[in-house]
Amino acid sequence: MAKPTPITAVKGFRDVLPEESARWRALEDAALRVFGRYGYGEIRVPVVERTELFARSLGETTDIVEKEMYSFADRDGTGLTLRPEATASVVRAYLDTGLANRDPQTRLAYRGPMFRRERPQKGRYRQFHQIGVELFGRDDALADAELLMMLMEYLAVVGARDTRLELNSLGDATCRPVYRERLRAFGEAHRAALCGDCLRRLERNPLRLLDCKVPGCRAVLAEAPLMRDSLCAACAEHFAAVRALLRAAGVAFTEAPRLVRGLDYYCRTAFEVVAGGLGAQNAVGGGGRYDGLVAALGGPDVAGIGFALGVERLAMATAPAAAAGPTVVTVLPLEERAVEAAFRLAAGLRAADLAVVVEAPGRSLKALLRTADRRGARLAVLLGADELAAGRATVRDLVAHADRKGALPLDGTPAALAASVRALLAGPAGT
Ligand code: HAM
């Protein structure tokens, strides 16, 4: 029979192995700890939502809704989508669970996988992971500044290198439509120099003209009118207050008057954090204010602001934490009848909070020790005929290459075992 072809992961979807997982966990734990200090509690929202939730909130003409969603019909015909982001889901949950009535000024943090059918490249995947927050019920500049302060504090806590906060205001329902028309008129006047994508953007979503990476378009748009010169008085005042508060708090930022976001729900404050050394996909996070979104999804007229960080990119932008995992111990039953005692001993050592792996007997001691070494084990516990007879195991220090005969009692309590192991790790090696 032909050998079956191995099945590979789907393009843009990847496996995260233990070492990388540990880093992600550290990043997530630190996030929940730092955000918790600002009053955020964790919400877990489903990965699947009704397609209309995203169609109604992210913007019909965004790349995500137009071409990147994983949408499918459920067996009963309901249109469902794997969430491309979590803000829409958190807003839905805020309304759905009654939080909007019970606790309108809610602060929620989340983490988990998101799905976008983008073109995969370094730092860009079709399943990726975010850590994010949403704050409802606050429309004041203090809320924006505090959220940004928290974001930058978090990035400092996890040691993100070479990061820059880029800040802009996108105006509101009063001033943005006016600006959009000014930008459209500018684009129309320069049609001949624009790429095909920009000609489409001109019709459907002129703000995205500012996002084009094509050199010809960039040269033209360098002269385009900017939102900051079109802000209404209320938006200009809000933006000035946010900047003043950030300066007062010592949070560094750069103004990015061409920053537009890939989602349409934003108004006023919009921002991204970029990090050096990540290549083309250098945004580790982004977010902004979305004051009309809760109402657009059928809720009360409640303000909102939030951000999300990409875990894959965060991991690239932070140094791997010094491996401070538990001490690894390998237990090696050297013959079949030592297995039972090995299991008991392993259970005692685990109860003493050591990481313990029991190997199967039947291979040579040399082969077993090689395996232990590969696992990063510090100590190997040897259980052969002599040890069974004596009721005490031999311990080999794999770093010092020294044996301690009878170092561990086979029937020791976890506390006694932990004390013996600590003594072995601290004391002079060899007998
Ligand atoms: P976003 O800018 O679309 O915003 O995504 C936030 C972050 O997720 C990005 O800065 C990036 O680090 C990461 N990310 C996005 N797409 C990918 C991808 N294909 N592969 C790897 N990483 C990716 C949002 O999603 C908004 N919901 C943020 C927000 C929360 N706004 C208000 N509240």
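The values are calculated or read from the model by the stated rules, or taken from the named source; none is laboratory data. Bear in mind that the values here come from a model prediction, so they are computed numbers and not experimental data. Because the Cβ atoms are built from the backbone with ideal geometry, glycine has one as well, and the counts that use them run over all protein chains shown. Protein only, heavy atoms only, side chains kept; ligands, DNA and RNA dropped before computing areas. Shrake-Rupley method; radii C 1.70, N 1.55, O 1.52, S 1.80 Å.
Quick notes
- The single condition among (1) more than 29 Å from Leu231 (Cα to Cα); (2) surrounded by fewer than 18 Cβ atoms within 10 Å (Cβ to Cβ); (3) within 16 Å of the ligand (Cβ to nearest atom) that Gly159 does not satisfy is (3).
- In the stretch 272-281, the residues that are near the ligand (Cβ under 8 Å from one of its atoms) and assigned to a strand (DSSP E or B): Glu272, Val273
- With respect to (1) outside any strand (DSSP E or B); (2) at negative phi, the lone exception for Gly298 is condition (2).
- Matching entry among Leu382, Leu408, Leu368 (being in contact (Cβ under 8 Å) with a residue 12 or more places away in the chain and assigned to a helix (DSSP H, G or I)): Leu368
- Among residues of the stretch 282-322 being within 8 Å of the ligand (Cβ to nearest atom) and without any contact (Cβ under 8 Å) to a residue 40 or more places away in the chain, the one that is farthest from Gly123 (Cα to Cα) is Gly286.
- For the criterion of being assigned by TED's automatic domain parsing to the domain that holds Gly98, open to solvent by less than 60 Å² (accessible area, probe 1.4 Å), within 16 Å of the ligand (Cβ to nearest atom) and more than 30 Å from Phe72 (Cβ to Cβ), Leu210 fails.
- Tally of residues being assigned to a strand (DSSP E or B) and not acidic (Asp, Glu) across the stretch 213-270: 5
To keep it simple, each residue is scored yes or no on (1) at pLDDT 95 or above; (2) open to solvent by 50 Å² or more (accessible area, probe 1.4 Å); (3) of a type outside the set (Gly, Ala, Ser).
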position: Leu231; (1), (2), (3): yes, no, yes
position: Ala240; (1), (2), (3): yes, no, no
position: Ala244; (1), (2), (3): yes, yes, no
position: Ala248; (1), (2), (3): yes, yes, no
position: Thr254; (1), (2), (3): yes, yes, yes
position: Val260; (1), (2), (3): no, no, yes
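- Count of the stretch 379-391 residues which are open to solvent by 20 Å² or more (accessible area, probe 1.4 Å) and either out of contact with any strand residue (DSSP E or B) (no Cβ under 6 Å at 6 or more places or on another chain) or more than 13 Å from Val331 (Cα to Cα) (or both): 6
One line per residue, one yes/no per condition, for (1) open to solvent by 70 Å² or more (accessible area, probe 1.4 Å); (2) in contact with a strand residue (DSSP E or B) (Cβ under 9 Å, 6 or more places away or on another chain):
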{"position": "Trp24", "(1), (2)": "no, yes"}
{"position": "Leu27", "(1), (2)": "no, yes"}
{"position": "Arg33", "(1), (2)": "yes, no"}
{"position": "Gly39", "(1), (2)": "no, yes"}
{"position": "Arg44", "(1), (2)": "yes, yes"}
{"position": "Glu49", "(1), (2)": "no, yes"}
{"position": "Phe54", "(1), (2)": "no, yes"}
{"position": "Ser57", "(1), (2)": "no, no"}
{"position": "Glu60", "(1), (2)": "yes, no"}
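- Any chance Asp373 is touching a residue at least 40 places away in the same chain (Cβ under 8 Å) and either touching a helix residue (DSSP H, G or I) at 6+ places or on another chain (Cβ under 6 Å) or of a type in the set (D, E, K, R) (or both): no
- Count of residues meeting criterion [of a type in the set (Val, Ile, Thr) and either under 19 Å from Ala377 (Cβ atoms) or surrounded by fewer than 18 Cβ atoms within 10 Å (Cβ to Cβ) (or both)] in the stretch 297-348: 6
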